[in-house]
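Note sheet for the following structure.
The values are calculated or read from the model by the stated rules, or taken from the named source; none is laboratory data. A quick note: this is a predicted structure, and the numbers were derived from the prediction, not measured. Don't worry about glycine lacking a Cβ; one is built from the backbone with ideal geometry, like all the others, and counts go over all protein chains shown. Ligands, DNA and RNA are excluded from the accessible area calculation, which covers all protein heavy atoms including side chains. Shrake-Rupley method; radii C 1.70, N 1.55, O 1.52, S 1.80 Å.
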Amino acid sequence: AQKITQTQPGMFVQEKEAVTLDCTYDTSDPSYGLFWYKQPSSGEMIFLIYQGSYDQQNATEGRYSLNFQKARKSANLVISASQLGDSAMYFCAMRESLAGNMLTFGGGTRLMVKP
Amino acid sequence: ETGVTQTPRHLVMGMTNKKSLKCEQHLGHNAMYWYKQSAKKPLELMFVYSLEERVENNSVPSRFSPECPNSSHLFLHLHTLQPEDSALYLCASSQDRARTYQETQYFGPGTRLLVL
């Protein structure tokens, strides 16, 4: 079974609107971290936001927030007030305490912001 | 220089060439990673170095040879590659402490490799 699933290969959003990118994960480890990265066409993987499995509150970083639903094993990224520069690939990733150094990535979602 | 840097940014090589990719991190981290990103495939972890010792080698062919001379530098030596090795190679670093699952990996800009 896939550890990280991103079911939306591509998404469009109108500039200035909010968008939600889906991520579900599979683990039996009680201790894990969830990460979102942005990859523009230049290739660099840019860290956006982190959510720990024991965190009681949803993580927020500026226009990025994480809708963490632990029981459903989902960690959706919400981008508010989309900007043209948000057009990129977005990857959800997970690190499990029992997996040591492994960071497992999903297949990614390509977000396109329309002017 | 800040963050994680990689050189070269682009590389074209023949199957008989030998080349090296370089990664340098300026974040004071103690772990470094090589990833491969092929078209339409998830990122694949290739190698992990923690405190300059290799701790992970995910069944990578021997034509890829990593080297970590110190905690700030990581190399990937390439020889007799195949066309299917064409990909984006990303380097990352993190400060791994007791709870590594909490530690963020920071990536460099990558090297786009084309093997002819």
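Quick look at the numbers
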quantity	calculated
Output for segment B:53-74, where each listed residue is open to solvent by 50 Å² or more (accessible area, probe 1.4 Å) and either in contact with an Asp or Glu (Cβ under 7 Å, 6 or more places away or on another chain) or within 14 Å of chain A (Cβ to nearest Cβ) (or both)	B:53, B:54, B:55, B:57, B:58, B:59, B:70
Members of segment A:48-58 found to be open to solvent by less than 60 Å² (accessible area, probe 1.4 Å) and more than 12 Å from the chain's Cα centre (by Cα), listed by number	A:52, A:53
Hits in segment A:6-27 - residues which are outside any loop (DSSP other than H, G, I, E, B), open to solvent by 20 Å² or more (accessible area, probe 1.4 Å) and under 26 Å from residue B:33 (Cα atoms)	A:24
Single unsatisfied condition, residue A:30 versus (1) part of a loop (DSSP other than H, G, I, E, B); (2) facing another protein chain (nearest Cβ under 10 Å); (3) within 28 Å of residue B:51 (Cα to Cα)	(2)
Qualifying residues in segment B:28-50 (those that are aliphatic (A, V, I, L, M) and farther than 17 Å from residue B:75 by Cα) - the one modelled with the lowest pLDDT	B:39
Strands (runs of 3 or more DSSP E) within segment A:43-115 that include 1 or more residues of a type in the set (Phe, Trp, Tyr)	A:46-52, A:64-69, A:88-96
Any hit, segment A:59-77, residues being among the acidic types (Asp, Glu) and either open to solvent by less than 70 Å² (accessible area, probe 1.4 Å) or away from chain B (no Cβ under 14 Å) (or both)	no
Segment B:42-51, subset under 20 Å from residue B:63 (Cβ atoms) and more than 8 Å from chain A (Cβ to nearest Cβ), residue most open to solvent (accessible area, probe 1.4 Å)	B:44
Subset of segment B:51-84 [in a loop (DSSP other than H, G, I, E, B) and either free of Cβ contacts under 8 Å to residues at least 40 places away in the same chain or touching a Cys at 6+ places or on another chain (Cβ under 8 Å) (or both)]	B:51, B:52, B:58, B:59, B:60, B:61, B:62, B:63
